[in-house]
Amino acid sequence: MADVTLRKVIKRYEDVEAVRGIDLDIADHEFVVLVGPSGCGKSTTLRMIAGLEDITDGDIMIGGDVVNDVPPKDRDIAMVFQNYALYPHMTVAENMSFGLRLKHYPKAEIKTRIDEAARMLDIVELVDRKPKQLSGGQRQRVAMGRAIVRNPKVFLFDEPLSNLDAKLRVQMRIEIKKVHQKVRTTTVYVTHDQVEAMTLADRVVVMNKGRIEQIGTPNDLYHRPATRFVAGFIGSPAMNFIPCRLEEVAGNLNIRLTDRIAFPLPPARAARYQNVARDAKLLLGLRPEHLAEAKAHPEPGVEPFDAVLDVIEPMGMETLVYFTLEGTQEICGRVNPNASARAGSPLRLAVDLNNMHLLNEGTGAVI
Amino acid sequence: MVDVAFQPNRVAEARSARKRSSLRAALKRKSTAAFLMTLPLILLVGILVLYPAFYSLHLATLNKSMQRFVGFGNFEFLFKRDTFWLVVKQSCIFALSAVFFKALIGFVVAHFVHNVPAKGQRKWRGMLLVPWVIPPAMSTLAWLWLFDPSYSAFNYTLSFFGIGPISWLGEPGWARFSVILVNVWFGAPFFMIMYLASLKSVPDQLYEAAAIDGANWWQRIWYVTLPMMRNIIAITTLFSLIVTFANFDITRILTAGGPLDHTHIFATWAFRVGIEGSDLPLGASVSLFMVPILAIAAVFILRDINKRGNEA
Amino acid sequence: MASTLVIDKAAPTRAVKYGSMSRDRTWALRWSYFFLTLFAIFSLVPPLYMLITSLKSSAEISAAANPWWVFSPTLANYTALLTSNQFLTFFRNSALVSILVVTITMLISVPAAFALARMRFWGSATLATGVFLTYLIPDSLLFLPLFKMFAVFGDYTGIQLIGKWYVLVIVYPTLTVPFCTWIMIGYFASIPKELDEAAIIDGASWFQTLTRIFIPVALPGLIAATIFAFTVSWAQYLYPLVFTTSTDQLVLPVGIITTLVKGDVFNWGQIMTGALLGAAPPLIIYAFLMDYYIAGLTAGATKG
């Protein structure tokens with residue numbers, strides 16, 4: 001087990017900077033997920049940690065030792081690939097033991113490790129089969145088994161669940177979490193799926209265009225996003241962004257969305273936004289669950305308004321409603337399934353301003 | 001766990017120097033290993049293919065006993081010989097017609113095999129590829145026997161139809177026909193296999209769309225099959241042109257260039273002149289005339305390979 | 001439209017493609033079988049005739065009866081050849097040369113193909129194409145300068161090359177190595193790069209990656225290339241004709257033609273038997289490993 005540290009790591013290809021200066025501290029035993037859209041640099045970063053890509057500038061340290069020039073096989077890491085990368089001509093047992101056999105581990109030791117890993121991953125009866133006889137989920141487990149038997153300092157996962165169907169993905173997520181709880185190896189996991197990030201990680205690193213947008217626990221990122229990108233990336237359905245302005249009316253701070261819709265800010269928020277310029281172009285960030293149907297006795301900070309619904313999506317557990325407010329984009333809200341929401345009909349909704357986010361439209365920062 | 005022998009403290013200053021030197025070392029290691037692995041290949045090709053090819057140029061400028069330098073003397077000598085021009089003409093006719101028929105027959109047979117349900121294709125393929133598997137020297141002997149002036153099995157069969165005995169190898173016109181026939185017999189399976197593989201890769205949906213659009217079988221071939229197979233047709237044709245043009249075995253065994261030099265092609269005549277006539281330089285001069293044509297064909301092949309690489 | 005198709009909506013579409021009751025299809029099938037039979041006959045007549053003739057005695061051959069039938073089959077030709085020291089020497093020489101050449105070819109081609117397919121180094125792309133191009137330089141161009149080169153070599157070093165069967169072991173690889181390298185490059189290139197990376201992370205060196213991962217995974221390609229190299233070596237005629245002259249040094253193709261054709265008397269029974277026996281090894285390999293045989297052919301051109 002070891003901690004992993006990245007200091008000002010840069011990766012340049014010809015004239016393109018894929019990774020533009022990353023600082024990251026991963027503690028021992030921690031499960032960190034790098035998440036972001038395609039091309040944000042997360043896979044490149046992972047491959048630099050693995051040693052499969054050279055580092056243009058900066059340092060990477062594993063367990064306190066700088067490993068910039070150390071070849072992958074000496075870094076004591078193990079990697080699980082998106083396409084499993086199982087050796088097709090070897091059985092499951094041979095696949096898992098390949099690395100150990102190269103280092104001439106004693107046969108007894110190898111057998112013990114394989115048995116243990118196979119039991120942990122529930123693939124005991126598959127050890128003599130070849131990869132082509134296995135299903136996708138089984139192959140992924142073998143790939144994980146190959147990583148586990150090496151007992152490395154760090155596990156690296158490169159989008160391992162992308163090739164699986166949705167149901168299998170959910171199952172494998174649980175498997176991976178169980179393995180981490182048992183083996184407690186430091187893990188760096190790359191994915192583009194924010195649900196995987198939220199469910200698996202101790203801490204999430206959101207990346208965009210080669211830089212880190214925000215690092216935090218899933219809860220932090222969800223409730224206290226620092227930038228518009230993070231706010232819009234985490235959470236599904238995505239957060240709504242409505243252009244707005246602050247205005248002062250009779251000593252109280254209001255937030256004005258359109259000519260006809262304005263809401264008074266709850267005291268806590270009013271205090272926080274006291275110093276924001278009144279004419280600044282701002283964005284109101286509201287998660288769909290904070291746009292629900294109006295209740296008979298509204299709580300403080302929850303303001304009602306009327307909207308005509310364009311589209312409804314009944315999800316069973318809730319209904320997603322889409323509407324516009326005088327020329328804004330489609331806004332998404334979540335209402336109770338029995339709230340009599342129908343496309344084309346008006347519905348009385350309420351906005352929970354206690355959970356609002358205010359963003360500067362120009363900089364994208366959350367105020 | 002592996003202990004990495006770096007101390008984290010002296011990271012900063014030593015880092016860049018270390019990174020540059022070991023990066024270079026790493027590159028060097030991979031490059032030298034790769035180079036060493038290809039070295040035998042390079043040496044083999046260099047010494048036994050490229051060097052002789054250029055050496056033949058030098059050889060062609062010497063006199064018969066290889067003592068004197070005669071410049072273009074050998075070439076001038078050849079240009080004045082009627083046999084030489086005969087050989088040029090025959091080589092071209094031979095190569096072009098043989099390749100044409102090989103490609104045509106290969107194409108047609110590939111279609112028929114493709115039409116047959118998949119399970120049966122294997123045994124047809126097996127039978128039709130046999131000519132290519134038998135060493136050409138051996139199968140040509142069989143043809144020699146089939147064409148024998150006295151005992152030809154073909155003549156025997158033809159006599160039942162009242163067609164007089166044909167001097168397959170004795171009469172210039174028939175001799176040329178026979179040589180081309182054997183070459184086509186031997187080479188068509190190669191085309192058949194290549195085209196069959198290519199036919200399989202044309203998506204069925206294109207044919208279905210064409211059928212719905214109203215195309216008959218001929219139009220489907222012209223508008224769907226041929227365009228999709230353009231690349232493979234070009235490559236196999238050019239490849240075969242080169243190989244057929246330089247053919248030796250079949251002609252040598254069947255006719256040895258006769259009757260009266262009427263089936264000599266470059267390779268067999270170079271052998272006659274160079275080895276049997278013990279005039280290596282003259283033989284080399286003859287062989288060299290293959291080069292321009294081979295070079296042109298090679299250029300086209302190269303262009304097609306690159307084009308295919310880009311398309312893929 | 002030339003013909004009308006009866007479209008049966010309830011008919012299964014994919015699996016029973018040619019079982020549909022469309023008249024067009026069945027006629028096309030009949031014509032296909034007809035022409036295929038014709039071509040099959042055309043392809044198989046020579047080897048069958050070889051077999052027929054090999055079972056005939058000289059008397060029957062010169063009797064000029066129906067050549068397509070054996071009236072009194074005899075194995076005399078076979079026994080004559082298989083007990084002839086000369087013939088067995090030819091066979092032995094061919095086998096020796098072919099096996100040695102195959103070994104040398106694979107030892108040269110496989111590492112070179114691995115380096116060219118995987119390790120990108122300066123000039124590797126040009127080298128790969130260049131290798132293929134040299135394959136296009138025919139033996140009928142090279143035999144004369146090579147003859148002179150070997151003669152000169154013999155004079156300088158005293159090692160006689162010309163006239164000995166082992167000179168063939170030196171020249172044959174020029175015919176097999178380029179194409180075998182080309183085949184292997186195709187097979188190696190089709191192995192996903194992630195497999196390399198997994199091996200690197202598992203701790204394998206370049207050599208270990210080649211021997212323990214690439215070669216096993218590309219085994220079909222190796223078999224195809226080996227078959228190709230063997231067949232080419234076995235069937236060679238020009239080089240042995242030029243470079244080997246004394247009877248005990250000859251390989252099969254040259255041996256059969258030069259010794260069984262004595263003056264004006266052609267012993268066709270024995271010639272055909274010899275030809276058939278000479279064609280046997282490639283045919284046997286083909287019969288058992290046909291798919292690899294064909295893969296070797298097509299892999300070079302379509303994968304490359």
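Restricting region A:115-153 to residues that are in a loop (DSSP other than H, G, I, E, B) and more than 14 Å from chain B (Cβ to nearest Cβ), which is surrounded by the most Cβ atoms within 10 Å (Cβ to Cβ)? Please lay out each step first, then the result.
In the first step, residues of region A:115-153 are kept if they are in a loop (DSSP other than H, G, I, E, B); the result is A:122-123, A:127-130, A:134-135, A:150-153.
Applying the additional criterion that residues be more than 14 Å from chain B (Cβ to nearest Cβ) yields A:122-123, A:127-130, A:134-135.
Values: A:122: 11, A:123: 23, A:127: 19, A:128: 10, A:129: 15, A:130: 16, A:134: 18, A:135: 11.
Among them, the one singled out is A:123.
Would you mind finding the one in A:142, A:67, A:124 that is touching a Gly at 6+ places or on another chain (Cβ under 8 Å) and without any contact (Cβ under 8 Å) to a residue 60 or more places away in the chain?
A:67
Kindly provide the set of residues from region A:178-208 that are of a type in the set (D, E, K, R) and touching a residue at least 60 places away in the same chain (Cβ under 8 Å), ordered by number. Give the steps one after another, and end with the answer.
In the first step, residues of region A:178-208 are kept if they are of a type in the set (D, E, K, R); the result is A:178, A:182, A:184, A:193, A:196, A:202-203.
Of everything in region A:178-208, those that are of a type in the set (D, E, K, R) and touching a residue at least 60 places away in the same chain (Cβ under 8 Å) turn out to be A:182, A:184, A:193, A:196, A:202, A:203.
Is it the case that region B:183-196 has a residue that's of a type outside the set (Val, Ile, Thr), under 27 Å from residue B:261 (Cα atoms), buried (at least 16 other Cβ atoms within 10 Å of the Cβ) and within 8 Å of another protein chain (Cβ to nearest Cβ)?
Keep residues of region B:183-196 that are of a type outside the set (Val, Ile, Thr), which gives B:183, B:185-192, B:194-196.
Of the ones still in play, those that are also under 27 Å from residue B:261 (Cα atoms) are B:183, B:185-188.
Restricting the remaining residues to those that are buried (at least 16 other Cβ atoms within 10 Å of the Cβ) gives B:183, B:185-188.
Still in the running and within 8 Å of another protein chain (Cβ to nearest Cβ): B:185.
Within region B:183-196, one or more residues are of a type outside the set (Val, Ile, Thr), under 27 Å from residue B:261 (Cα atoms), buried (at least 16 other Cβ atoms within 10 Å of the Cβ) and within 8 Å of another protein chain (Cβ to nearest Cβ).
Residue-wise test of (1) among the small types (Gly, Ala, Ser); (2) out of contact with any Phe, Trp or Tyr (no Cβ under 8 Å at 6 or more places or on another chain).
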| residue | (1), (2) |
| --- | --- |
| C:186 | yes, yes |
| C:193 | no, yes |
| C:201 | no, yes |
| C:209 | no, yes |
| C:223 | no, no |
| C:230 | no, yes |
| C:238 | no, no |
| C:246 | yes, yes |
| C:250 | no, no |
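Being buried (at least 16 other Cβ atoms within 10 Å of the Cβ), part of a loop (DSSP other than H, G, I, E, B) and assigned by TED's automatic domain parsing to the domain that holds residue A:62 narrows it down to one of A:161, A:156, so name that one.
Details: A:156 fails: part of a loop (DSSP other than H, G, I, E, B).
Only one candidate qualifies: A:161.
Going residue by residue through region A:27-40, is there one that turns out to be surrounded by fewer than 24 Cβ atoms within 10 Å (Cβ to Cβ), in a loop (DSSP other than H, G, I, E, B), at the interface with chain C (Cβ under 8 Å from one of its Cβ atoms) and over 19 Å from the mean Cα position of the chain (by Cα)?
no
Could you go through region B:220-238 and let me know if any residue there is of a type in the set (Lys, Arg), within 30 Å of residue B:148 (Cβ to Cβ) and within 22 Å of the chain's Cα centre (by Cα).
Of all residues in region B:220-238, those of a type in the set (Lys, Arg) come to B:220, B:230.
If we keep only those that are within 30 Å of residue B:148 (Cβ to Cβ) too, we end up with none.
No: zero hits.
Step by step: first the residues of region A:43-76, then only those that are within 22 Å of residue A:161 (Cα to Cα) and at the interface with another protein chain (Cβ under 7 Å from one of its Cβ atoms), then the one that is modelled with the lowest pLDDT. Which residue is that?
The selected residue is A:52.
(1) loosely packed, with under 13 Cβ neighbours inside 10 Å; (2) outside any strand (DSSP E or B): which one isn't true of residue A:348, the others all being true?
Result: residue A:348 fails condition (2) only.
Does region A:230-243 hold any residues that are under 12 Å from the mean Cα position of the chain (by Cα) and either surrounded by fewer than 22 Cβ atoms within 10 Å (Cβ to Cβ) or of a type in the set (S, T, N, Q) (or both), and which are they?
Taking region A:230-243 as the starting set, the residues that turn out to be under 12 Å from the mean Cα position of the chain (by Cα) are A:230-236.
Once the filter is applied, which keeps residues that are under 12 Å from the mean Cα position of the chain (by Cα) and either surrounded by fewer than 22 Cβ atoms within 10 Å (Cβ to Cβ) or of a type in the set (S, T, N, Q) (or both), region A:230-243 yields A:232, A:235, A:236.
Hey, any hits in region C:148-159 for a residue that's within 7 Å of another protein chain (Cβ to nearest Cβ), farther than 21 Å from residue C:215 by Cα and in contact (Cβ under 8 Å) with a residue 60 or more places away in the chain?
Scanning region C:148-159, I find no residue that is within 7 Å of another protein chain (Cβ to nearest Cβ), farther than 21 Å from residue C:215 by Cα and in contact (Cβ under 8 Å) with a residue 60 or more places away in the chain, so the answer is no.
Restricting region C:160-204 to residues that are buried (at least 20 other Cβ atoms within 10 Å of the Cβ) and among the hydroxyl-bearing types (Ser, Thr, Tyr), which is nearest to the other protein chains (Cβ to nearest Cβ)?
C:174
Counting just the residues of region C:122-146 that are more than 7 Å from chain B (Cβ to nearest Cβ) and closer than 19 Å to residue B:276 by Cβ, which one comes out surrounded by the most Cβ atoms within 10 Å (Cβ to Cβ)?
Per the criteria, the residue is C:143.
Is it the case that some residue within region B:252-264 is assigned to a helix (DSSP H, G or I), free of Cβ contacts under 8 Å to residues at least 12 places away in the same chain and not polar (S, T, N, Q)? Working first, answer last.
So the first thing to find is which residues in region B:252-264 are assigned to a helix (DSSP H, G or I), and the list is B:252-254.
If we keep only those that are free of Cβ contacts under 8 Å to residues at least 12 places away in the same chain as well, we get none.
No, every residue in region B:252-264 fails to be assigned to a helix (DSSP H, G or I), free of Cβ contacts under 8 Å to residues at least 12 places away in the same chain and not polar (S, T, N, Q).
Against the condition more than 8 Å from chain C (Cβ to nearest Cβ) and in contact with a His (Cβ under 8 Å, 6 or more places away or on another chain), how does residue B:110 come out, does it pass?
Values: more than 8 Å from chain C (Cβ to nearest Cβ): yes; in contact with a His (Cβ under 8 Å, 6 or more places away or on another chain): no.
It is false that residue B:110 is more than 8 Å from chain C (Cβ to nearest Cβ) and in contact with a His (Cβ under 8 Å, 6 or more places away or on another chain).
Within region B:54-77, which residues are buried (at least 17 other Cβ atoms within 10 Å of the Cβ) and modelled with pLDDT under 85?
So in region B:54-77, the residues buried (at least 17 other Cβ atoms within 10 Å of the Cβ) come out as B:55-56, B:59-62, B:73-75.
If the condition is that a residue be buried (at least 17 other Cβ atoms within 10 Å of the Cβ) and modelled with pLDDT under 85, then B:59, B:60, B:61, B:62, B:73, B:74, B:75 are the ones that fit.
Quick one: would you say residue B:273 is out of contact with any Cys (no Cβ under 9 Å at 6 or more places or on another chain) and buried (at least 23 other Cβ atoms within 10 Å of the Cβ)? Before you say what the answer is, go through the steps one by one.
Values: out of contact with any Cys (no Cβ under 9 Å at 6 or more places or on another chain): yes; buried (at least 23 other Cβ atoms within 10 Å of the Cβ): yes.
Here the answer is yes, as residue B:273 does meet what is asked.
Considering only region A:77-98, state which residues are touching a strand residue (DSSP E or B) at 6+ places or on another chain (Cβ under 8 Å) and modelled with pLDDT under 90.
Our first condition is that a residue be touching a strand residue (DSSP E or B) at 6+ places or on another chain (Cβ under 8 Å); within region A:77-98, this holds for A:77-82.
Passing the criteria: only A:82.
Do the conditions hold for residue A:96, that is, is it surrounded by 22 or more Cβ atoms within 10 Å (Cβ to Cβ) and part of a helix (DSSP H, G or I)? Write out each step before concluding.
On the way: surrounded by 22 or more Cβ atoms within 10 Å (Cβ to Cβ): yes; part of a helix (DSSP H, G or I): yes.
Judged against the criteria, residue A:96 is a match.
Kindly indicate whether residue B:233 is buried (at least 17 other Cβ atoms within 10 Å of the Cβ), more than 21 Å from residue B:115 (Cβ to Cβ) and out of contact with any Gly (no Cβ under 7 Å at 6 or more places or on another chain).
Answer is no for this residue.
From A:204, A:188, grab the single residue that is more than 19 Å from residue A:113 (Cα to Cα), among the aliphatic types (A, V, I, L, M) and away from every other protein chain (no Cβ under 14 Å). Show your work before the answer.
Working: A:188 fails: away from every other protein chain (no Cβ under 14 Å).
After ruling out the rest, the residue left standing is A:204.
So in region B:155-182, with the set limited to residues that are in contact with a helix residue (DSSP H, G or I) (Cβ under 9 Å, 6 or more places away or on another chain), assigned to a helix (DSSP H, G or I) and small (Gly, Ala, Ser), which one is surrounded by the fewest Cβ atoms within 10 Å (Cβ to Cβ)?
B:175
Does residue B:150 qualify as being surrounded by fewer than 18 Cβ atoms within 10 Å (Cβ to Cβ) and closer than 17 Å to residue C:267 by Cα? Please lay out each step first, then the result.
Working: surrounded by fewer than 18 Cβ atoms within 10 Å (Cβ to Cβ): yes; closer than 17 Å to residue C:267 by Cα: yes.
It is true that residue B:150 is surrounded by fewer than 18 Cβ atoms within 10 Å (Cβ to Cβ) and closer than 17 Å to residue C:267 by Cα.
Would you pick out the residues in region A:271-313 that are without any contact (Cβ under 8 Å) to a residue 40 or more places away in the chain, of a type outside the set (A, V, I, L, M, F, W, C) and either surrounded by 11 or more Cβ atoms within 10 Å (Cβ to Cβ) or closer than 23 Å to residue A:228 by Cβ (or both)?
Within region A:271-313, A:274, A:275, A:278, A:279, A:310, A:313 meet the criteria.
Which condition does residue B:184 not pass, out of (1) closer than 19 Å to residue C:293 by Cβ; (2) touching a residue at least 60 places away in the same chain (Cβ under 8 Å), if it passes all the others?
(1)
Assess whether residue B:140 counts as being touching an Asp or Glu at 6+ places or on another chain (Cβ under 7 Å), of a type in the set (Ser, Thr, Tyr) and part of a helix (DSSP H, G or I). Show your work before the answer.
Details: touching an Asp or Glu at 6+ places or on another chain (Cβ under 7 Å): yes; of a type in the set (Ser, Thr, Tyr): yes; part of a helix (DSSP H, G or I): yes.
For residue B:140, the condition - touching an Asp or Glu at 6+ places or on another chain (Cβ under 7 Å), of a type in the set (Ser, Thr, Tyr) and part of a helix (DSSP H, G or I) - is met.
The values are calculated or read from the model by the stated rules, or taken from the named source; none is laboratory data. Because the structure is a prediction, the values reported are computed rather than measured. So basically every Cβ, Gly included, is an ideal-geometry build from the backbone, and we count neighbours across all protein chains shown.
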